[in-house]
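Trainee: Before I ask anything, here is the structure I am working with.
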Amino acid sequence: MQRSWGFCRVAALGATLAVLSLSCSYYSHYDDEPTFVRQLEDLKAECVRAGERAPTASEAPPTAEGAATLPSWHDEAGRPLLPKAESKRPMTLDDLYVNALQHSHQIQVFSDMPLIRETGIQEAEGTFDVHAYVESEYDRMNEGVGSTLVSTIDDRFIEHKRQLEVGLRKKVITGADVSIAQRFLDKDSNADYFVPERQDSAALTVRIVQPLLAGGGIRYNKSVLHLARLDSEIAQAEMVRQAESHLLEVARGYWSLYAARAVYCQYVRQAEAIEGILKELKARADADALRHQILRAEAGLTNRRADLVRAELAILNAQDRLHALVNEDVGWSQTEIIPISPIHLKALPMDTTRSGTAALENRPEVQQAFLQLRAAAVRLGMNKNEILPKLSLILEGRLHGLEGGRHLGDAVGEEWEVDDTVGGTIGIVLDVPLGNNTAAARLKRRKIEMRQQFNQLRTTVDTVLLEVRISVREATTGWRDFTAKSEAARAAHEEVEHLLARKDIEAMRAPASTYLGDLMAAQDREADAQRALAQTMATYQVAVLNLQRAQGTLLGYTKIGASRSEQGDLPVIRLEKGSAPSQGGK
């Protein structure tokens with residue numbers, strides 16, 4: 001019964017101290033978070049209004065019925081072109097996305113950033129871990145006697161103390177350091193006043209040191225966890241930003257390869273056409289073909305063959321750039337990559353207001369700027385707390401037992417069985433730095449950083465909206481450029497067809513060599529127009545994807561999401577491709 005009553009007393013003592021500590025912690029907090037939240041909401045509303053103010057009237061693309069017709073060389077670019085390649089590998093852009101997500105070293109670097117920052121949350125939680133400790137101490141005193149209060153047999157004061165303390169200590173969310181410890185003391189002395197000469201004592205102590213001003217309060221001590229979580233969210237947004245940029249580069253490399261292959265096809269066609277004209281000129285060398293005309297045709301054929309070598313090099317370089325982005329190790333150096341993705345040749349409805357609003361909602365840069373602003377506000381609040389004086393409340397309760405001789409167990413039992421063994425301490429520690437320069441400087445720095453983050457957020461919003469407007473214009477201009485280049489290529493092709501259809505008539509009106517020279521010049525113009533069309537088509541494909549990146553929706557547009565799994569004892573974040581969205585018709 002006595003043991004139960006002793007346990008109740010110490011439990012009640014611990015609960016009382018905890019309640020006092022918790023109640024005292026509320027005297028130390030910063031209460032300006034509502035003001036910051038209101039400012040943040042106002043800033044978000046201002047960002048949305050900035051998106052709505054973006055001009056749209058001059059950026060709407062011309063309407064198009066259906067899809068544009070693909071040029072005749074498109075199918076040729078989708079067939080094997082390089083005879084020296086050991087293997088042929090048709091690939092869509094989605095195939096490259098999948099391979100990049102699985103093998104790209106750069107994407108793996110991006111994916112590890114949130115996991116690295118996430119460890120900061122666990123590290124911050126470690127501040128509130130429970131620590132078990134053991135402290136042992138042996139002390140021997142052997143001193144001459146200089147006082148009549150100490151009477152010994154041999155005029156030397158000899159004392160032995162053997163002390164052991166075991167306990168638990170923890171920092172709680174209020175900022176208080178809480179500990180509970182059991183101390184054992186075995187002491188013997190030859191002093192006359194120490195009776196009996198060997199004693200064992202035990203003491204159970206509960207101690208709380210609660211900061212009341214600086215360093216105290218639930219909000220202040222939760223700030224470390226809050227900052228760690230914000231840092232993790234910032235890293236996740238950075239992963240999305242880097243991944244979208246990398247995938248856009250993959251798309252850019254893919255369509256650059258397509259354009260390089262299209263140009264190669266044009267040079268092949270032009271070389272074949274010039275070779276046919278050269279044969280006709282040589283056949284008419286004894287009739288009306290002049291020597292300089294034949295030499296001109298031979299020079300044109302030589303130039304086109306040299307262009308073919310350069311075009312083949314451009315294809316190989318484009319493949320190598322893709323390999324560097326994808327990092328798939330399947331012998332790309334001996335493989336011909338054949339782009340077979342459908343071409344998006346439709347005019348898209350362009351709305352700068354809608355795109356700007358989507359960018360403000362989805363761009364990871366904007367999310368990062370808002371999170372960094374919140375982190376700056378948390379740090380500012382912490383420094384407002386730290387500038388306060390240090391005032392701590394000390395509360396301690398003790399149960400003590402004492403027995404003579406080697407009876408340590410009895411001393412422990414006495415802690416609980418004697419009716420009144422409870423002792424305690426209450427105190428206050430005050431530390432006021434005169435001048436307080438360190439805390440004042442930190443607070444001033446945080447205020448400046450807060451102002452800087454507000455301006456940084458506005459700068460980020462302005463930059464994002466600028467990128468959206470430029471991307472909308474590029475996509476709009478890309479479509480207009482495509483339609484213009486398509487019309488120019490059509491006209492150049494009709495000119496060649498017209499000359500071929502009037503071959504017999506033109507030969508009767510003028511020397512055949514003159515007609516063949518005109519035909520070769522027309523074919524040169526057609527080849528140049530078709531090459532420009534190929535470049536424009538590839539540029540438009542990239543412009544459509546770049547608009548999605550500017551809106552912060554590229555991952556969603558390409559059906560790419562993140563999944564988390566465990567690899568051994570480490571977490572892994574993987575970006576994975578789902579079903580591909582429609583990319584328009586041919």
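Trainee: Can you work out ³J(HN,Hα) from phi for every residue in the stretch 312-317, in order, using Karplus 6.51 cos²θ - 1.76 cosθ + 1.60 and θ = phi - 60°, giving whole Hz and x for Gly and Pro?
Mentor: Computed from phi, the couplings for the stretch 312-317 are 5, 4, 5, 5, 5, 5 Hz.
Trainee: What accessible surface, in Å², does a 1.4 Å probe find on His493, ignoring ligands, DNA and RNA and rounding to the nearest 10?
Mentor: We get 80 Å² for His493.
Trainee: Continuing with the same structure: Excluding residues on the same chain fewer than 8 positions from Lys187, give the lysines whose Cα lies under 16 Å from its Cα.
Mentor: Cross-link targets: Lys161.
Trainee: Moving on. Using heavy-atom solvent-accessible surface (probe 1.4 Å) with all chains present, what is the largest-first order of Leu204, Leu388?
Mentor: Leu388, Leu204
Trainee: Now for a different question. If the limit is 18 Å between Cα atoms, which of Lys346/Lys485; Lys171/Lys222; Lys346/Lys577; Lys222/Lys384; Lys170/Lys384; Lys346/Lys559 go over it?
Mentor: Values: Lys346/Lys485 15 Å; Lys171/Lys222 12 Å; Lys346/Lys577 24 Å; Lys222/Lys384 15 Å; Lys170/Lys384 25 Å; Lys346/Lys559 21 Å.
Going by Cα-Cα distance, Lys346/Lys577; Lys170/Lys384; Lys346/Lys559 fall outside the 18 Å limit.
Trainee: Please list Leu434, Leu81, Leu93 from largest to smallest accessible area, probe radius 1.4 Å, with all protein chains kept in place.
Mentor: On the way: Leu434 165, Leu81 35, Leu93 5 Å².
Largest to smallest exposure gives the sequence Leu434, Leu81, Leu93.
Trainee: Determine the distance separating the Cα centre of the stretch 320-367 from the Cα centre of the stretch 92-133; give it in Å without decimals.
Mentor: Rounded to whole Å, the Cα centres lie 24 Å apart.
Trainee: Another question about this same structure. In whole Hz, what ³J(HN,Hα) sequence does the stretch 378-384 give by Karplus (6.51, -1.76, 1.60; θ = phi - 60°), x for Gly and Pro?
Mentor: Running phi through 6.51 cos²θ - 1.76 cosθ + 1.60 with θ = phi - 60° gives 5, 5, 4, x, 4, 6, 5 Hz.
Trainee: Near Val240, within a Cβ-to-Cβ distance under 12 Å, what is the net charge of the other residues, with Lys and Arg +1 and Asp and Glu -1?
Mentor: -1
Trainee: Per residue, what accessible area does the stretch 224-353 have, given a 1.4 Å probe and all protein chains present, in Å²?
Mentor: Working: 5740 Å² over 130 residues.
About 44 Å² of surface per residue is accessible.
Trainee: If you build the convex hull over the alpha carbons only and average its shadow over all orientations, what do you get for the stretch 251-395? Give it in nm² to one decimal.
Mentor: On the way: hull surface 84.1 nm².
Average projection, Cα convex hull of the stretch 251-395: 21.0 nm².
Trainee: If you plug each phi of the stretch 223-236 into the Karplus form 6.51 cos²θ - 1.76 cosθ + 1.60 with θ = phi - 60°, what whole-Hz ³J(HN,Hα) values come out, in order, with x for Gly and Pro?
Mentor: For the stretch 223-236, the Karplus-derived couplings read 4, 4, 5, 4, 5, 5, 5, 4, 4, 5, 5, 4, 5, 5 Hz, x marking Gly and Pro.
Trainee: Apply 1/(1 + (r/R0)^6) to the Cβ-Cβ distance of Thr92 and Thr459, taking R0 = 51 Å, and write down the FRET efficiency to the nearest 0.05.
Mentor: Calculated value: 0.85.
Trainee: While we're looking at this one, here's another question. With every protein chain kept in the model, how would you rank Thr438, Thr463 by accessible area, 1.4 Å probe, largest at the top? Mind dumping the intermediate values first?
Mentor: Details: Thr438 90, Thr463 60 Å².
Result, largest first: Thr438, Thr463.
Trainee: For Val432, what accessible area in Å² do you get when you roll a 1.4 Å probe over the heavy atoms of the protein chains, rounding to the nearest 10?
Mentor: Roughly 80 Å² of Val432 is accessible to a 1.4 Å probe.
Trainee: Round to the nearest 10 and report in Å² the accessible area of Ser471, as given by a 1.4 Å probe over the protein chains' heavy atoms.
Mentor: For Ser471, the solvent-accessible surface is approximately 0 Å².
Trainee: Another question, if that's okay. Expressed as a fraction of 2.2 N^0.38 Å, the rule-of-thumb size for a compact globular protein of N residues, what is the C-alpha radius of gyration of the stretch 153-265?
Mentor: Details: Rg = 34.1 Å, N = 113, 2.2 N^0.38 = 13.3 Å.
Normalised by 2.2 N^0.38 Å, the Cα Rg of the stretch 153-265 equals 2.57.
Trainee: Report the normalised scattering of the stretch 312-360 as log10 I(q)/I(0) at q = 0.14, 0.15, 0.24 Å⁻¹, calculated by the Debye formula with identical scatterers on the alpha carbons.
Mentor: Relative scattering, expressed as log10 I(q)/I(0), comes to -0.62, -0.65, -0.88.
The values are calculated or read from the model by the stated rules, or taken from the named source; none is laboratory data. Here the structure is a predicted model, which means the values were calculated and not measured. Cβ coordinates were reconstructed from backbone atoms using ideal geometry, including for glycine residues, and neighbour counts include every protein chain displayed. Areas reflect the complete protein model, heavy atoms only, side chains present, ligands, DNA and RNA absent. Shrake-Rupley method; radii C 1.70, N 1.55, O 1.52, S 1.80 Å.
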